[in-house]
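Undergrad: Handing you this structure, nothing more for now.
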Amino acid sequence: MTIETSIAEQPPTTTTQRAAVAQLQRRPNARQLAIAVVCLGSTIAAPFLVSNFLIFQMTMVLVYTIAILGLNILTGINGQLSLGHGAFYAAGAYTAAILMDRWGIGYFWTLPAAALVCFVVGFLFGLPALRLEGVYLALATFALAVVTPQLFKLSPFENWTAGVTGITLAKPDAPFGLPLDQDQWLYLFTLAMTIAAYVCAHNLIARRGGRALMAIRDNPIAAQSMGVNTALYKSLAFGISALYTGVAGALGAIVLQFVAPDSFTFSLSIALLVGLVVGGVGWLPGALFGGAFVLFVPNLAESVSKGLSGAVYGLVLITLMYVMPSGVGGLLRATRAFASKRYD
Amino acid sequence: MTALLNVTKLSASYGDFRVLHGIDLTVERGGVTALLGANGAGKTTTLRALCGMIKHSGDVVFDGVDIARCATEDIARLGIAHVPEGRGTFIALTVEENLRCGAMTRKGRASIDDDIERAYHWFPRLKERCGQQAGTLSGGEQQMLAVARALMLRPKLMLLDEPSFGLAPIIVSELFSILRKVNEQEGVGMLIVEQNAALALELARQAFLIETGRILISGSVTEIRDNESIRAAYLGY
Amino acid sequence: MELLIQQLVSGVATGGIYACMALSIVMIYQAIHHLNFAQGEMAMFSTFIAWQLLQWGLPYWIVIPLTVAISFSGGIAIERIVIGPLGEAAVLSHAVVFIGLYAVINSLASFIWDFTTRPFPSPFGAGSQFGNLISNQQIGMIAVTLLVLALLYAFFRYTRVGLAMRAAAENPTSARLAGIRVGLMAALGWGMAAAVGSIAGVLIAPIVFLEPNMMLSILLYGFAGAVLGGLSNPAGAVAGGFAVGVIENLAGTYVPVIGSELKLPIALLLIVIVLVFRPTGLFGRTIVQRV
């Protein structure tokens, strides 16, 4: 990784560098393709095999996956800590809800609107955040997370937000007369969005811009002195990250059919952060594991002990950080390194 | 009478990368040993391994005690004072507080106060700055503070990592004359790592030459000085 | 005018609590360079212990030292068992462990003592002085806070252990080379932070009432105070805590839209604005980084 990041703006010269770049850009081989096809096939087939409630849960996992992907771009790839991504999620959710509820706009068109709104909000928030680092940025983003639910409760906005009561939405039907029920359709729709979001994120970080983002994370001063426009890239990272999380919020609103200020307290931001760390900071596929963790583990903890569910959840978190401090991604890397050592 | 420090087959690595490949080394009681070598030869790593700051294997016997598996703070408590690379100054503490930190392993307020006076006697410049934050000292003053702090431990052995690094020549000669006096008058043994070989050989009685993690040549200072190849490569005359 | 003075006094009184929390946060931050999100929950748990001891009929002057002692040992235990073994793990892994710790303590407290909001008797009685200008509770809060801060200052400034803790926090490698047991110092720091937090909890409990989530907003104000004053500077953190208390009270009283719901967000926003202009806090040091 150091090779990739330290020469962000130069073509690779030495053989090792070429090898590293080749590895990053190599085409998948037959076995990997087969695995991908099987995974994709089973995820598409899943909604026809399980109960509606489970489909709903799987859809929410995908929604959180997109949100965590966004957080990963900012925190994992660009190294800016955010404890406030729930705010962008909320902004996306409310954009979608208001557009559908007040103006009767189709759910599909609320996604680009939420993307645009959140990109602008994120980019603008990223500007003052340029001056903050580490814990100070953490506090500023955290303030954002705390303010958000209060903002949506404010009386001047009540015409659109409906204050504390929130907005209830209708569930969309499958289009073109497809033989799918609403839950199945929403799941497939969200799955398509997730794949699109993942492919975009992957392409983003494999290119020059992504290398610049990582260079800023690893050594901002060196990156700047090599000609990376640090300020622009950091704000852009904020914008893109907010865009992802905002789209996730919009999808979440459509899936849940309901938005209210108290769905977006700071614990949502914390949950997203936990999902990011559990999946693996800086490792994009980790978002899926993170999303599953965010959705399932609190329920699981509750089923272990109703009274002490918080304690069970907390113990799971602490244990995870001992067993795999770099999340699922780190665990996989370690396993692979161990395996390759044994084969050599 | 055995040596003060006896190192046999010391190996150390950073992660998977092995830096030391079985080093043998001794420091006599009250003696000064120089460890010479180029950049990246493993000099600093040797000192770090001796203090238990990095993973290592091999035998390290100090004053009759096996310290190979001791924690850094316990090694310090046995009487080894390490003046680390980069001086290890507590920049937010005052000069006097830095000295008191050096005496943290000792008991008895009166004797510590005496030793602070003794440190000021060796390094009068520090006395002028005793209430000042140590981070505001110049590089030379910080090096003196580092040596003075190490002396506060009342060590039997001092490990000095490039004490001349980055200092003006006049300050270097001042520092080395103080080190010589400390060695002669108080019998403190020293293991000194230097790139400035000529300087170190003036102070030392024994020298070891290290190259890519192995001891190449060892012997008394006169032997080392007379060795043609060393002269050409490290002493330059 | 009287309203202003009253608000100022009450701002200073709650500010003292924030100052205590800010100081606990800074103590742990200095020792391990991470923000302890579970600080407030630790204080809440201590306050419940104090309440339980009072329920069992022990007098105040035994309950307080006992609570402080229990909290001190609890803090040390948490460091030794949970945090210490984590070692040099990444910032975010630490953050997640703190979140886990938060969940565990919060859940334990609500399991043992349930969610009922309970009144907590004031150790200073219910009266007030200077014609209702300042209540006994407020006087007590300010006095105890100042006493705690003075004691801590003296401890860190004049004792050997205090010096060793400062040295270990500032430069662990160098401290080890001087024979200082850095791990033990970190544990001591956790113990003391927990003890200070327990005092803050007992002092604020008569005002905010006792329940498992009582310390959440107080912790946030404490964070805000610590960051405002600069995490590298304990005295700055204390000043920051007092400042946040005063700002919070005045903003809640005099800015019409705000009211109690928006007090916290506004205080946080103000702090963010300050941070944008002084990125390391009002009294923080800028650390120059080499490439």
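The values are calculated or read from the model by the stated rules, or taken from the named source; none is laboratory data. What you are looking at is a predicted structure, and each value in this text was computed from that prediction instead of being measured. Note that each Cβ is placed from the backbone with ideal geometry, even for glycine, and that neighbours are counted across all protein chains shown. These accessible areas exclude ligands, DNA and RNA; they are computed on the full protein's heavy atoms, side chains included. Shrake-Rupley method; radii C 1.70, N 1.55, O 1.52, S 1.80 Å.
Undergrad: Under the rule of -39500 (n - 2.57) per DSSP H run of 4 or more residues, summed and divided by the residues of chain C, what mean residue ellipticity at 222 nm is obtained, to the nearest 500 deg cm²/dmol?
TA: Using -39500 (n - 2.57) per qualifying helix, the result is -24500 deg cm²/dmol.
Undergrad: Can I ask one more? Looking at the protein assembly as shown, how many pairs of lysines come closer than 28 Å at the Cα, when each pair is eight or more places apart or spans two chains?
TA: Within the protein assembly as shown, the lysine pair count is 17.
Undergrad: Next question. Could you give the nm distance between label points at A:Ser303 and B:Ser57, where each point is 7 Å from its Cα heading toward the beta carbon?
TA: Those two pseudo-labels are separated by 4.8 nm.
Undergrad: Let me make sure I get this right: for region A:53-266, a, b and c are the square roots of the gyration tensor eigenvalues over alpha carbons, sorted descending. Under 1.5 in a/c it's rounded, otherwise prolate if a/b > b/c, else oblate. Which is it?
TA: Oblate, because a/c is 1.5 or more while a/b does not exceed b/c.
Undergrad: Summarise the partner chain shielding of B:146-157 as one whole number: the mean count of Cβ atoms from other chains within 10 Å of each residue's Cβ.
TA: Mean inter-chain Cβ contacts per residue within 10 Å come to 1.
Undergrad: Quick one: Karplus J couplings for region C:105-112, per residue in order, coefficients 6.51, -1.76, 1.60, θ = phi - 60°, nearest Hz, x for Gly and Pro?
TA: Result, rounded to whole Hz: 5, 4, 5, 4, 4, 6, 5, 6.
Undergrad: Next up: Could you work out which residue, out of B:Glu174, B:Glu211, B:Glu28, moves most in a Gaussian network model of chain B, that is, has the largest mean-square fluctuation with Cα springs under 10 Å?
TA: For chain B, modelled as a Gaussian network with Cα springs under 10 Å, the answer is B:Glu174.
Undergrad: Let me ask something else about it. Roll a 1.4 Å probe over the protein chains and send me the accessible area per residue for region A:53-266 in Å².
TA: Ligands and nucleic acids excluded, the result is 38 Å² per residue.
Undergrad: For the ranges B:53-66, C:91-104, what's the packing order if you count other beta-carbon atoms within 10 Å of each residue, average per peptide, and put the highest first?
TA: Ranking the peptides B:53-66, C:91-104 by packing returns C:91-104, B:53-66.
Undergrad: Please find, in a Gaussian network model of chain B (springs between Cα atoms separated by less than 10 Å), the residue of B:Pro163, B:Pro84, B:Pro124 whose mean-square fluctuation is greatest.
TA: The residue with the greatest mean-square fluctuation here is B:Pro124.
Undergrad: Right, something else. To the nearest 500 deg cm²/dmol, what mean residue ellipticity at 222 nm is calculated for chain B from DSSP H runs of n ≥ 4 alone, each contributing -39,500 (n - 2.57), summed and divided by the residues?
TA: For chain B, the value works out to -10500 deg cm²/dmol.
Undergrad: Let me ask something else about it. Compute, for A:Tyr107, the solvent-accessible surface of its heavy atoms (probe 1.4 Å) with the complete set of protein chains present, and express it in square angstrom to the nearest 10.
TA: Accessible area of A:Tyr107: about 40 Å².
Undergrad: Okay, next question. At a Förster radius of 22 Å, what calculated FRET efficiency corresponds to the Cβ-Cβ distance of A:Asn203 and A:Thr230, to the nearest 0.05? Before the final figure, lay out each step's value.
TA: Numbers: r = 22 Å, r/R0 = 1.01.
After rounding to 0.05, the efficiency reads 0.50.
Undergrad: Can you tell me the 0 to 90 degree angle between the C-alpha axis of helix A:182-206 and the longest principal axis of chain A, rounded to 10?
TA: Between the helix axis and the principal axis of chain A, the angle is about 30 degrees.
Undergrad: Mind checking B:79-89 for the average number of partner chain beta-carbons within 10 Å of each residue's beta-carbon?
TA: The per-residue average across the peptide is 3.
Undergrad: Which residues among region A:183-224 fall inside the zone where the amide N is under 19 Å from a point 7 Å beyond the Cα of A:Val37, along Cα→Cβ?
TA: Flagged as within label range: none.
Undergrad: Could you work out what % of the accessible surface of chain C is carbon and sulfur, using a 1.4 angstrom probe and leaving DNA, RNA and ligands out of the count?
TA: Ligands and nucleic acids excluded, carbon and sulfur give 70 percent.
Undergrad: May I ask what percent, to the nearest 5, of DSSP beta bridges between residues of the protein assembly as shown are antiparallel?
TA: Of those bridges, close to 60 percent are antiparallel.
Undergrad: Label 7 Å along Cα→Cβ of B:Ser138; region B:174-206 residues with amide nitrogen under 14 Å?
TA: B:174-175
Undergrad: Above 19 angstrom, tally the Cα pairs of region C:215-284 and express them as a % of all pairs, no decimals.
TA: The proportion of pairs with Cα distances above 19 Å equals 28 percent.
Undergrad: While we're here: Have a look at B:Gly30, B:Gly108, B:Gly135 and tell me which one the Gaussian network model of chain B (Cα, springs below 10 Å) gives the largest fluctuation.
TA: Of B:Gly30, B:Gly108, B:Gly135, the most mobile in the Gaussian network model is B:Gly108.
Undergrad: Relative contact order for chain B using alpha-carbon pairs under 8 Å, separation at least 6, rounded to a whole percent?
TA: 28
Undergrad: Could I ask something else about it? Please compute the length gained on full extension between A:Phe258 and A:Gln182, using 0.36 nm multiplied by the number of residues separating them and subtracting their Cα-Cα distance. Each step should come with its number before you reach the end.
TA: Details: separation 76, 0.36 × 76 = 27.36 nm, distance 1.56 nm.
The span from A:Phe258 to A:Gln182 would gain 25.8 nm if fully extended.
Undergrad: From largest accessible area down, sort A:Phe123, C:Phe48, A:Phe142; use a 1.4 Å probe on the protein chains.
TA: Putting A:Phe123, C:Phe48, A:Phe142 in descending order of accessible area: A:Phe123, A:Phe142, C:Phe48.
Undergrad: What shape does region B:165-236 take by its C-alpha gyration tensor, where a ≥ b ≥ c are the square roots of the eigenvalues and a/c under 1.5 counts as rounded, a/b above b/c as prolate, and the rest as oblate?
TA: The shape class here is prolate.
Undergrad: What does the structure give for A:325-335 when I average, per residue, the other chain Cβ atoms found within 10 Å of the residue Cβ?
TA: Mean partner shielding for this stretch: 2.
Undergrad: Let me ask you something else. What does the charge count near B:Ala38 come to, summing +1 for each Lys or Arg and -1 for each Asp or Glu among other residues with Cβ under 14 Å from its Cβ?
TA: Around B:Ala38, the surrounding residues sum to -1.
Undergrad: In nanometres, what is the gap between the two model label sites at A:Asn29 and C:Ile62, each 7 Å from Cα along Cα-to-Cβ?
TA: 7.4
Undergrad: Something else about it: Give the Rg/Rh ratio for chain C, taking Rg as the radius of gyration of the Cα atoms and Rh as the Kirkwood radius, to two decimals.
TA: Ratio of gyration radius to Kirkwood radius for chain C: 0.97.
Undergrad: Once the other residues with Cβ under 9 Å from the Cβ of B:Ile112 are scored (Lys, Arg +1; Asp, Glu -1), what is the net sum?
TA: Result for the local shell: +1.
Undergrad: I need the peptides C:71-80, A:273-282 ranked by packing, meaning the mean over residues of other C-beta atoms within 10 angstrom, with the highest value on top.
TA: A:273-282, C:71-80
Undergrad: Determine the sum of side-chain charges near B:Leu4: Lys and Arg each +1, Asp and Glu each -1, restricted to other residues whose C-beta is under 13 angstrom from that of B:Leu4.
TA: Numbers: positive: B:Arg29, B:Lys156, B:Arg205; negative: B:Glu28, B:Asp63.
Residues close to B:Leu4 contribute a combined charge of +1.
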